[in-house]
Every structure is written in C-alpha cells, then in structure tokens.
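Readers should treat all values here as calculations from the given coordinates under stated rules, not as data from a laboratory. These figures come from a predicted structure and were not determined experimentally. As a convention, Cβ positions derive from the backbone with ideal geometry for all residues, glycine included, and neighbour counts pool all protein chains shown.
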C-alpha cells in the first residue's frame, strides 16, 4: 500500500515537472516571437501587438534626408530680407468668420472698446459668400477694420499672406475666441521677445506616436513626464508673416498639405505648425493672460462635427508623409501674465459672466 502511494506521488511529481518544462518552453517561444499571431480555439488570429516599433514617419530631427530642410539656419535672414520693411512693433488681426454675426459682433466689440497700443489693423476674412462685404471703418481708437472676401471657399485663405498687411506679426483668430485687450498686448510683446520663430498662442495640442506607427492628434496629457505640447491652434495665435508666405510657396510638401486641407476642409492650423517647425526646428509657445481667454464656443463649428479628432489624426499622418518625417517639436514651457496663477475656475466664471 505504501509502495503504491509512493509510486503515485512520484508520478504526480514527474507530471508536474513535465508540465512546468512545457510551459517554460511555450513562454520562451512567445517572448522570442512577440509579433507572431496566436490562434485561439476557434481559429481566430489574435495578434500580439508590439510596443517597441517606432512611428512610421519618425521625427525630422533624426533625419538626414536631402529633402528635409529642418532646421533652416537661414530662416530669420530670409524673413528679414523680404519682410524687414514691415512694422515690427505693431500687429494685425486676421479674423475668419462664417455666418456667425453674433459672435463676430461680440468679439469685435470687445477688441475695439479698449485701446490696444500695438494693434495696427483688423482684417475680417469674410467667408459669407452669399452676402455683401461690409464697408470698412475706423474704431474710436483709430484702428482700421476692413473685410476681405476670399476668391474661393477654402480654409487656406485664412493663412494667405495678404500683400496689404503692414506688420510682421499676424494674430490669426476666429470670430468666437479672443484674448482680453490687456492680455492681448502682453501676448504680442511676448511674441516679440520670445516667439518670432514660433506659433505663439493660447490653445495647445499634441501629436503622439502610437504603437501602430501612426500619429495621434489629442488634447495633451497632464500626467507626470508627459506634460508637453507640439502645436498651437490658429484660432488664437501669433505668427510671423514669413510663415504664411512659405505656406503658400510651391514647396512640393507644402503644396500637398494645402491640397489636402481643401480636400478634407480641415487642418490648416496643423499644416502651418508643420511649416513653422520644419523651417525653424522649434516648437510653439503657449502664452496665457492674467485672465482666461474668451471662447464663445458656438455649436456649429468644424470641431463639433462627428469624427473630428480622427480626421485631425489623419491630417498628421498625411502631412508627415508629405515631409517623409514628423517636423513637430515638443515643448514643455509656457508664459503666463502676472504672478497670479491662471486657474481653471476662471474659465467657468468667464462662461457665465464674460
């Protein structure tokens, strides 16, 4: 009886050891071949996704291809040569509008009610093609306001380097968002000191490399060690007119970007960020006022459409393909007006009382 029990225990031990060895071999094979598909009992292929693969189009800073001009050491010299005669201590607001008279009136009223020392002119890009262009006028503080109707319905038209611009600094904006006047002057002065070779503005966005190799457009992470941004949106951002000039150049990559913007009716702001970083090797600059910027947040904008974030991600990948690399540069710092921290509750207060 005892002998039988000992034999049984030995058999169980041998079986356990054999099973452990088998599992070890299987585990080793799987670890050695992480991309190999594993079939389940129903015959469905369960792909084990690799997290070690880099983006399909890596950062331009890692490339040495002859068709990549990142970074261009001569950008400042070229900009000065062509646009040095324009006013450096003043700025122009280029504001796009499309059938939002209430928002346009409120934004213009706020910007023209107070004297903004460095504001030279406001140009309204009038996309109401079925309406007569309003007459130009001059505000009580002497700021000219004129309306320009584009020749075609294209988001690229907002970025057109209007030959009538008289300033190097152009504040690109939409009719539903604006800095308060005191903050706007501050942001412009920060652009002059720190941001001439950057997109400088209020709303930051991110491009993140996914395990699939694609780039993902997102609102940026607040997690530790991930607090970066690589784009500033052109619904409230200063840019040098030279960037607008290059955006409308015959560079093949930039031409493809403009064509895709027309096709998708989206992403002109992403395209301009690509151009800026490609030319300078710099990322954007986030600048916040002492008060939260005003966002009237109408319900009918492009950003409210279903699938907007996915469409923006596609733009990132189409544009990276055009350049054969990703020119966007992550930044971590920002500038804020004053010593009082601009906290979240101001946004709520402004939405209620602004």
Residue 110: passes all of (1) buried (at least 18 other Cβ atoms within 10 Å of the Cβ); (2) closer than 21 Å to residue 202 by Cα but (1)
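Answer with yes or no whether residue 140 is surrounded by fewer than 16 Cβ atoms within 10 Å (Cβ to Cβ) and under 29 Å from residue 337 (Cβ atoms). First the steps, then the outcome.
Numbers: surrounded by fewer than 16 Cβ atoms within 10 Å (Cβ to Cβ): yes; under 29 Å from residue 337 (Cβ atoms): yes.
When the stated conditions are applied, residue 140 passes them.
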Given the conditions (1) part of a loop (DSSP other than H, G, I, E, B); (2) touching a residue at least 40 places away in the same chain (Cβ under 8 Å); (3) over 21 Å from residue 188 (Cβ atoms); (4) touching a helix residue (DSSP H, G or I) at 6+ places or on another chain (Cβ under 9 Å), every one holds for residue 256 apart from (1)
Counting only residues in segment 177-202 that are part of a loop (DSSP other than H, G, I, E, B) and over 18 Å from the mean Cα position of the chain (by Cα), the one nearest to residue 287 (Cα to Cα) is identified as 179
(message) Against the condition part of a strand (DSSP E or B), at negative phi, under 26 Å from the mean Cα position of the chain (by Cα) and free of Cβ contacts under 8 Å to residues at least 40 places away in the same chain, how does residue 125 come out, does it pass?
(response) yes
